[in-house]
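**Student:** Here you go, one structure.
The values are calculated or read from the model by the stated rules, or taken from the named source; none is laboratory data. Computed from a predicted structure; not experimentally measured. We place every Cβ from the backbone using ideal geometry, glycine too, and count neighbours over all the protein chains shown. In case anyone asks, the SASA skips ligands and DNA or RNA and just uses the protein heavy atoms, side chains included. Shrake-Rupley method; radii C 1.70, N 1.55, O 1.52, S 1.80 Å.
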Amino acid sequence: MPEKNLDFGKFGAQGIRGSDAVARKLDELAGGIATPVTARRGLIARLHYLTRTDHARAAAKEAGLTVTDRTLKAWLEGKRQPSKANLERIDAAYRAVRRQNVARHLLKRLNREGRGTRVEIHPLDQSQVPRPLRRVVEYRTMNVRRWDRIVGAWAAGDHQGLDAAWDDTIVDLGSQWGQYEYCTSVGFAA
């Protein structure tokens, strides 16, 4: 890929990888429990979500939550409090299981029977870049018709796969696609 940014931000440009922006937007669309895991209500809601069914329990163990049933029961009853590390594991397991559960529905909404979804790409912030070094980068829109690889990599937590899938998608922007590898945000609705 000819325009891979190897030294992004060297002259003061600010932004995030486009694939990271897409992952944030997919997380937002997936929704979930708004209360933080550090609050009792958020902890209980996540634990109920992760332990409601055998499928959810298996997915939680696969995602890294490996505690005994006795410990889970003590947490649910409020007899014990999880450590900070366990709170992070609970939250990570919740996000992983939530992604797996909503991926199929989200994929169907984004593909829209082959019509796709309109995506807005907001360019990187060059306000800190000296004037002679600034690029002419503008706001772009495109219609993404095939979300399978993007949503599949997002649901699996595969950052490299998501990055590769997003790079393959933005090639449709034409010869200047490399300018949109980093951006301030990516927006779409489903």
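**Student:** Please list, ordered by chain and number, the residues whose modelled amide H lies under 5 Å from the amide H of VAL119; skip anything fewer than 5 residues away on the same chain.
**Tutor:** MET142, ASN143, VAL144
**Student:** Roughly how compact is the range 33-73, stated as its Cα Rg over 2.2 N^0.38 Å to two decimals?
**Tutor:** In units of the 2.2 N^0.38 Å rule of thumb, it is 1.14.
**Student:** Skip the ligands, DNA and RNA, and give the accessible area per residue of the chain with a 1.4 Å probe, whole Å².
**Tutor:** Accessible area per residue: 59 Å².
**Student:** Sum up the lysine pairs in the chain that clear both bars: alpha-carbon distance under 30 Å and a spacing of 8 or more or different chains.
**Tutor:** 10
**Student:** Which order do SER185, SER127, SER19 take by accessible area at a 1.4 Å probe, largest first?
**Tutor:** SER127, SER185, SER19
**Student:** Here's another thing I want to ask about it. P(r) tail for the chain, what percent of Cα pairs lie past 21 Å?
**Tutor:** Taking all Cα-Cα pairs of the chain, the fraction more than 21 Å apart is 58 percent.
**Student:** Also, quick follow-up: Please identify every one of the trypsin sites (Lys or Arg not before Pro) in the range 33-69 that sits in a loop by DSSP and has no more than 16 other beta carbons within 10 Å of its own beta carbon. Mind dumping the intermediate values first?
**Tutor:** On the way: sites: ARG40, ARG41, ARG46, ARG52, ARG57, LYS61; in loops: ARG52.
The qualifying sites are ARG52.
**Student:** Okay, next question. Working from Cα positions, state the angle (0 to 90°, nearest 10) between the long axis of helix 84-111 and the longest principal axis of the chain.
**Tutor:** That works out to roughly 60 degrees.
**Student:** If you don't mind, another one. Enter the angle in degrees (range 0 to 90, nearest 10) between the Cα long axis of helix 159-170 and the first principal axis of the Cα atoms of the chain, meaning the one along which they spread out most.
**Tutor:** The helix 159-170 is inclined about 40 degrees to the chain.
**Student:** With each run of n ≥ 4 DSSP H residues scored as -39500 (n - 2.57), what mean residue ellipticity at 222 nm is computed for the chain after dividing by its residue count and rounding to the nearest 500 deg cm²/dmol? Show your work: numbers first, answer last.
**Tutor:** Values: 7 runs with 92 residues, N = 190.
Theoretical 222 nm ellipticity from helices: -15500 deg cm²/dmol.
**Student:** Hey, what did the chain get for relative contact order, percent, Cα under 8 Å, at least 6 apart? Walk me through the numbers on the way to the answer.
**Tutor:** Details: 241 pairs, mean separation 66.5, N = 190.
RCO, the chain: 35 percent.
**Student:** Can you find, among LEU124, VAL137, ASN86, the residue sitting farthest towards the positive end of the charge dipole of the chain, where Lys and Arg contribute +1 and Asp and Glu -1 at Cβ?
**Tutor:** In the chain, that residue is ASN86.
**Student:** So which GluC sites (Glu not before Pro) in the range 106-162 end up in coil per DSSP with only 12 or fewer other C-beta atoms within 10 Å? If you can, show how the numbers build up before the last one.
**Tutor:** Working: sites: GLU113, GLU120, GLU138; in loops: GLU138.
Sparse-neighbourhood loop GluC sites (Glu not before Pro): GLU138.
**Student:** Of all the accessible heavy-atom surface of the chain, with the other protein chains kept in place and a 1.4 Å probe, what percent is carbon and sulfur?
**Tutor:** On the way: 5430 of 11190 Å².
Carbon and sulfur: 48 percent of the exposed surface of the chain.
**Student:** Do any GluC sites (Glu not before Pro) in the range 1-98 lie in a DSSP loop with no more than 10 other beta carbon atoms within 10 Å, and if so, which?
**Tutor:** Filter output for the range 1-98: empty list.
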